[in-house]
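The structure appears below as structure tokens.
Where a number appears in this text, it was derived from the coordinates with a stated rule and is not lab data. Because the structure is a prediction, the values reported are computed rather than measured. Cβ sites come from the backbone with ideal geometry, for glycine too, and all protein chains shown count toward neighbours.
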Amino acid sequence: MKKEFITRISLSEAKKLKDFSDWERVEAMSDDEAIANALDDPDNQPLTYPMSKDVKPFKRVK
């Protein structure tokens, strides 16, 4: 990703942005539908159990 396309904004600015999420559609989905949608998205695959064993918590540093 090129640095020129990254825009930093404050939390207060982020809270003013329009939310394009279709929460009614999401909440109407069954768990199976949500999983099927996640599996159909090649850019955001769900974490598998073997992958999750390697996840380590980290301390947030400011």
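Take the Cβ atoms of Ile6 and Lys62, set R0 to 30 Å, and the FRET efficiency comes out at 0.95. The candidate values were (1) 15.8; (2) 12.7; (3) 15.5; the one computed from these coordinates for Kirkwood radius over Cα pairs in Å carries the label (1). Spin-label model, Leu17/Thr48: points 7 Å from Cα along the beta carbon direction are separated by 3.2 nm.
For the chain, chymotrypsin sites (Phe, Trp or Tyr not before Pro) meeting the loop criterion (DSSP other than H, G, I, E, B) and having at most 13 other Cβ atoms within 10 Å: Phe20, Phe58.
Residue-wise HN-Hα couplings along region 55-62, as the Karplus relation 6.51 cos²θ - 1.76 cosθ + 1.60 with θ = phi - 60° gives them from phi, are 6, 10, x, 10, 8, 6, 10, 9 Hz; Gly and Pro carry x.
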